[in-house]
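The values are calculated or read from the model by the stated rules, or taken from the named source; none is laboratory data. Fair warning: this is a prediction, and the values are worked out from it, not measured in the lab. As a convention, Cβ positions derive from the backbone with ideal geometry for all residues, glycine included, and neighbour counts pool all protein chains shown.
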C-alpha cells in the first residue's frame with residue numbers, strides 16, 4: 001500500500017494538472033465561440049460556391065479547359081488541414097486516418113500540409129511532404145488559402161499531379177466534427193449526382209450556360225476562385241472543430257482528474273486512519289507492558 005506521503009504527492013500533482021486542464025478548457029471555449037460564429041456565417045457562402053460551380057460546369061456542354069481534363073499524371077496532391085498543437089482528442093488522428101484508409105500508394109501522393117501535427121504524423125509514415133503552410137491555420141486569411149490554391153493549381157497545370165484532394169474536419173456543431181476528404185480537381189460537374197427523388201423535387205434545368213466573353217476565360221477565373229474559397233472554408237471550419245475537440249478533451253481530462261483526486265483522498269484517509277490505529281495499538285501495548 002502506498003504511503004501517506006506518496007499519496008499526498010500524487011494528489012497534489014493531479015490537482016496541478018487539473019488546474020491546467022481547466023484553464024485550457026476555458027481558453028478553448030472562448031476561442032470556439034469566436035470560431036463557431038465565423039464558421040456558421042461563412043458556411044452558406046462556401047456551400048453556395050460549390051453548388052454554383054457544379055451547376056455552371058454541368059451546363060457548359062463540351063467546353064474544354066485544362067482544369068476539366070485528365071492531364072495523365074497518376075500522382076495525387078492532398079491538402080491536409082490539422083492543428084499545430086495536440087491535446088485535442090482524436091481531432092488530428094481522424095484527419096490522418098482519412099488518408100490512410102483510402103488505400104492509395106503513398107509513393108504517388110504529395111502532401112501539402114497545413115498544421116504541424118498532420119505533417120509530423122504523415123511524415124513518420126513515409127509520405128512525401130512538398131509544402132508546409134502550418135502558420136495559415138493559426139488565423140486563417142483568404143490570402144493564405146489563395147496562395148496554397150495557386151501552389152496546387154500550378155502543380156496540376158504542369159502535369160506534376162493529376163488529382164487534387166482536400167482533407168479537413170467539417171464543423172457541424174460544438175460536439176460533432178466530421179473528417180472529410182474532398183476532390184477539388186478535376187472538378188466534378190455534378191451530373192448524375194442526385195437521386196431520383198431529388199430530381200423529381202428539383203428538376204434539372206436544361207438551359208445551356210452562356211459565357212461572356214468566352215467559356216475558357218470565365219473558367220480560368222472561376223475555378224481558381226472556387227479552389228481558394230473551398231480551402232478557406234475548410235480552414236475556418238477546421239479551426240472551429242479543433243477548438244471544439246480541445247474543449248471536450250480538456251473537459252474530460254478535468255472530470256477524470258476530479259475522480260482520481262476523490263479516489264486518492266479516500267486512500268489518504270484510509271492510510272491516515274490505519275496509521276492512527278497503529279499508533280494507538282502501540283501505545284496501548286506499551287502501557288500494558290509497563291504494567
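With the structure loaded, tell me whether residue 79 is outside any helix (DSSP H, G or I), crowded, with 21+ Cβ neighbours inside 10 Å, within 13 Å of the chain's Cα centre (by Cα) and at pLDDT 95 or above or whether it fails that test. Taking the combined requirement at face value, the residue satisfies it.
Considering (1) within 25 Å of residue 262 (Cβ to Cβ); (2) touching a helix residue (DSSP H, G or I) at 6+ places or on another chain (Cβ under 9 Å); (3) free of Cβ contacts under 8 Å to residues at least 60 places away in the same chain, the lone condition that residue 15 does not fulfil carries the number (3). When residue 153 is tested against (1) modelled with pLDDT of 95 or more; (2) touching a helix residue (DSSP H, G or I) at 6+ places or on another chain (Cβ under 8 Å), only condition (1) is not met. When restricted to residues that are surrounded by 12 or more Cβ atoms within 10 Å (Cβ to Cβ) and within 28 Å of residue 18 (Cα to Cα), region 264-289 contains 8. Checking every residue in region 126-146 against the condition of being farther than 27 Å from residue 95 by Cβ and at pLDDT 85 or above gives zero matches.
Restricting attention to region 86-118 and to residues that are on the phi < 0 side of the Ramachandran plot, touching a residue at least 40 places away in the same chain (Cβ under 8 Å) and assigned to a loop (DSSP other than H, G, I, E, B), the residue that is surrounded by the most Cβ atoms within 10 Å (Cβ to Cβ) turns out to be 88.
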